[in-house]
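**Q** This structure is in structure tokens; I'll ask about it shortly.
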Amino acid sequence: MWEDHDMTVQDTQAPGATGVILSDPAALKVKTLLEQEGRDDLRLRIAVQPGGCSGLRYQLFFDERFLDGDQTFEFGGVEVIVDRMSIPYLSGATIDFVDTIEKQGFTIDNPNAGGSCACGDSFH
């Protein structure tokens, strides 16, 4: 007997508890930047590093490497990589891209941040 199963396409990792979320505007912006670079071997790496006025700071950059323990997520054809040490700090964080008169750039809404500095680039 044939059973009808709900077949849905999912991201490499389900957004939420174990990963980061890249919004549609952010994915589109990353895709545009990668096209301008003219390379298809780069991915967006999101990392947390010591520093900043609140203790930890975010880093977003293009990377061609895979490191041991990296987790990969895919959003709209864009690969996002998070290293093993950063995953606990970024779990459930949403990366967005805003383009307004006041501000243009990537923003990170992180439910794990206990507090952040005024610039929004660092947290604790």
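Read-outs: derived from the displayed coordinates by stated rules, not from any lab. Keep in mind it's a predicted model, so treat the numbers as computed, not measured. Don't worry about glycine lacking a Cβ; one is built from the backbone with ideal geometry, like all the others, and counts go over all protein chains shown.
**Q** State the answer as a single residue: which of Gln36, Gly76, Val48 lies farthest towards the positive end of the charge dipole of segment 21-110, with beta carbon charges of +1 for Lys and Arg and -1 for Asp and Glu, about the Cα centre.
**A** Checking the options against the dipole of segment 21-110, the answer is Val48.
**Q** If I take all pairs of Cα atoms in segment 21-110, what percentage of them are more than 15 Å from each other?
**A** Beyond 15 Å sits 60 percent of the P(r) for segment 21-110.
**Q** Moving on. If you stretched the chain out fully between Thr100 and Leu60, how much longer would it get, using 0.36 nm times the residue separation minus the C-alpha to C-alpha distance?
**A** Gain in length upon complete extension: 12.4 nm.
**Q** Need one number: % antiparallel among DSSP beta bridges in segment 21-110, to the nearest 5.
**A** Roughly 80 percent of the beta bridges in segment 21-110 run antiparallel, per DSSP.
**Q** So, one more: Tell me, what is the percent relative contact order of segment 21-110, built from C-alpha pairs under 8 Å that lie six or more residues apart?
**A** 32
**Q** Given charges of +1 on the Cβ of Lys and Arg and -1 on the Cβ of Asp and Glu, with all other atoms neutral, how large is the dipole of segment 21-110 about its Cα centre, in debye to the nearest 20?
**A** Its charge dipole is roughly 280 debye.
**Q** Follow-up. I'd like to compare 104-113, 61-70: which one has the highest average count of other Cβ atoms within 10 Å, and what's the full order after that?
**A** Taking the mean over residues of other Cβ atoms within 10 Å, the ranking is 104-113, 61-70.
**Q** Right, here's the next one. Please list, in chain and number order, the residues 5+ apart from Glu79 or on another chain whose amide H is under 5 Å from its amide H, with Hs placed from the backbone.
**A** For Glu79, whose amide H was placed from the backbone, the distant partners under 5 Å are Leu44.
**Q** In terms of modelled amide H atoms, which long-range or inter-chain residues lie less than 5 Å from the amide H of Ile21?
**A** Ala93, Thr94, Ile95
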